[in-house]
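The values are calculated or read from the model by the stated rules, or taken from the named source; none is laboratory data. Model, not experiment: these values are computed from the prediction. Neighbour counts run over all protein chains shown; Cβ positions are idealised from the backbone, glycine included.
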Amino acid sequence: MSNRKTIKQIAEVTGYSTATVDRVINGRDGVKDETRRRILLAARELSYKNVAIRAPEASSGQILKTVLIIPDTDNELINNLGMAIQAKSLTETCLTLNTYRYKNLNSSSLVEVLLEVQKSGADVIGLVGIDDPQVSVMLNRLQKDGKKVITLLSVISGITPWAHIGINDSAAGRTAGLLMAKNRPDSSGVVLVFTGSTQYQGHLQREIGFRGILRESGIPVRIAESYAMNEDRSHTTALALQHLKDSKDVSGVYVIGSGAAEIIDAMDQINPAKRPVVICHDMTESVINKLVTGKVDYVIHQDHHVEASNFIKTVRNLFEDKEPVKDTLPVRINIVTAENIYSDEI
């Protein structure tokens with residue numbers, strides 16, 4: 001089959017022009033990451049073998065067997081990060097990548113996957129992991145065996161990974177608290193906090209930061225006990241509706257994990273006389289829809305494209321015998337409103 005015919009097929013499947021497909025296939029710049037990802041995935045599905053990739057620089061290593069471990073979840077940020085890492089890995093010659101999933105918030109399932117990865121002979125392990133002693137013990141064993149562990153999004157206590165990629169979650173929580181304080185929620189009401197799960201150390205750090213800065217601000221505000229949504233958006237609306245009905249005069253809502261859109265749907269059912277201040281995390285598609293309609297006030301955003309690039313760069317640094325974070329980009333905490341959304345947010 002000729003290259004031109006295959007490029008035309010990829011263009012038909014993806015809906016992009018043959019010129020754009022040609023740029024991606026031949027490794028040229030000037031194409032958005034999401035466009036490149038879709039074209040490369042389509043090329044792989046069509047078993048196209050002529051995708052141009054950069055030749056590796058002079059290095060001291062061999063091709064690194066890399067695994068990505070993420071939960072089987074409907075958390076949009078985690079899934080977007082996983083897809084971005086997979087897409088970026090397609091143009092790297094220093095690594096091969098396999099992705100594993102474990103049961104959502106299930107430490108035993110994660111340990112089982114880690115045991116499977118250990119037997120596979122992987123060199124590098126990247127994971128979005130939950131905080132659990134069993135997990136920490138297993139990761140420490142893997143590191144003693146010479147495996148390089150890179151934690152993604154949320155830190156895991158009890159281990160010192162080769163690298164961590166993600167935002168400062170305590171600072172992110174304090175940023176949310178500062179925004180809430182500046183909006184002066186009604187002192188006669190209550191601020192509700194919805195977590196994804198405190199099994200994620202990052203969610204716990206965000207809550208501590210949020211509560212801490214509100215306490216330090218001295219404003220008269222009541223913060224309710226937090227409610228865990230367990231990172232399961234299929235049940236979030238019903239759970240949130242129950243908690244919202246039980247709470248009188250809600251003046252603020254802080255959503256730490258996923259499910260912000262579903263929590264807002266629950267608020268719409270109640271239709272409060274005065275709309276509370278709403279702050280959540282991560283510019284996912286479902287959150288953007290709520291932001292542009294005025295139902296979310298602020299989004300604390302982290303760029304998963306930067307995080308994916310940093311993961312690939314960190315593995316390349318190992319391949320080239322460099323320091324883990326050399327030439328990686330800072331993962332910034334961005335404050336997004338309806339007035340400053342830009343096209344590459346998701």
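Any idea how many residues of region 333-345 are surrounded by fewer than 19 Cβ atoms within 10 Å (Cβ to Cβ) and within 20 Å of residue 88 (Cα to Cα)?
So the answer is 2.
If residue 194 satisfies every condition in (1) in a loop (DSSP other than H, G, I, E, B); (2) crowded, with 23+ Cβ neighbours inside 10 Å but one, which is the exception?
(1)
When you check residue 81 against the structure, is it over 16 Å from residue 197 (Cβ atoms), touching a helix residue (DSSP H, G or I) at 6+ places or on another chain (Cβ under 7 Å) and outside any strand (DSSP E or B), yes or no?
Considered against the rule, which asks whether it is over 16 Å from residue 197 (Cβ atoms), touching a helix residue (DSSP H, G or I) at 6+ places or on another chain (Cβ under 7 Å) and outside any strand (DSSP E or B), residue 81 comes out as yes.
Can you report the number of residues in region 290-324 which are out of contact with any helix residue (DSSP H, G or I) (no Cβ under 7 Å at 6 or more places or on another chain) and either not hydrophobic (A, V, I, L, M, F, W, C) or not in a helix (DSSP H, G or I) (or both)?
Selection size over region 290-324: 14.
Quick grid of which residues meet (1) touching a helix residue (DSSP H, G or I) at 6+ places or on another chain (Cβ under 6 Å); (2) under 30 Å from residue 85 (Cβ atoms):
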| position | (1), (2) |
| --- | --- |
| 200 | no, yes |
| 216 | no, no |
| 232 | no, yes |
| 260 | yes, yes |
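Select the strands (runs of 3 or more DSSP E) contained entirely in region 84-167, then report the ones holding at least 2 residues which are buried (at least 16 other Cβ atoms within 10 Å of the Cβ) and out of contact with any Ser or Thr (no Cβ under 8 Å at 6 or more places or on another chain).
Result: 148-152.
Can you pull out every residue in region 215-239 that is touching a Lys or Arg at 6+ places or on another chain (Cβ under 8 Å) and loosely packed, with under 15 Cβ neighbours inside 10 Å?
Selection gives 219 alone.
Looking at residue 337 and the list (1) β-branched (Val, Ile, Thr); (2) within 20 Å of residue 123 (Cβ to Cβ); (3) at pLDDT 95 or above, which single condition is not satisfied?
It fails just one condition, (2).
Regarding residue 211, is this residue assigned to a helix (DSSP H, G or I), in the same structural domain as residue 250 (by TED's automatic domain parsing), more than 20 Å from residue 74 (Cα to Cα) and within 18 Å of the chain's Cα centre (by Cα)?
It is false that residue 211 is assigned to a helix (DSSP H, G or I), in the same structural domain as residue 250 (by TED's automatic domain parsing), more than 20 Å from residue 74 (Cα to Cα) and within 18 Å of the chain's Cα centre (by Cα).
Select, from 184, 174, 141, the only residue that is over 16 Å from the mean Cα position of the chain (by Cα) and assigned by TED's automatic domain parsing to the domain that holds residue 84.
Step by step, each of 184, 174, 141 is checked, and only 141 is over 16 Å from the mean Cα position of the chain (by Cα) and assigned by TED's automatic domain parsing to the domain that holds residue 84.
Mind listing whichever residues of region 204-214 are among the small types (Gly, Ala, Ser) and surrounded by 15 or more Cβ atoms within 10 Å (Cβ to Cβ)?
209
For residue 258, indicate whether it is under 20 Å from residue 78 (Cβ atoms) and in contact (Cβ under 8 Å) with a residue 12 or more places away in the chain.
yes
I'd like the full set of residues that are in contact with a Phe, Trp or Tyr (Cβ under 9 Å, 6 or more places away or on another chain) and within 17 Å of residue 188 (Cα to Cα), limited to region 209-251.
Answer for region 209-251, where residues must be in contact with a Phe, Trp or Tyr (Cβ under 9 Å, 6 or more places away or on another chain) and within 17 Å of residue 188 (Cα to Cα): just 223.
Starting from region 218-236, keep only residues that are in the same structural domain as residue 266 (by TED's automatic domain parsing) and modelled with pLDDT of 90 or more, then list their pairs with residues that are among the aromatic types (Phe, Trp, Tyr) and surrounded by 14 or more Cβ atoms within 10 Å (Cβ to Cβ) whose Cβ atoms are within a distance under 6 Å, requiring at least 6 positions of separation or different chains.
227/194; 229/194
Quickly run through region 243-298 and pick out the residues that are touching a strand residue (DSSP E or B) at 6+ places or on another chain (Cβ under 7 Å), surrounded by fewer than 20 Cβ atoms within 10 Å (Cβ to Cβ) and at positive phi.
249 - this is the single residue of region 243-298 that is touching a strand residue (DSSP E or B) at 6+ places or on another chain (Cβ under 7 Å), surrounded by fewer than 20 Cβ atoms within 10 Å (Cβ to Cβ) and at positive phi.
From 55, 11, grab the single residue that is modelled with pLDDT of 75 or more and more than 30 Å from residue 131 (Cα to Cα).
11
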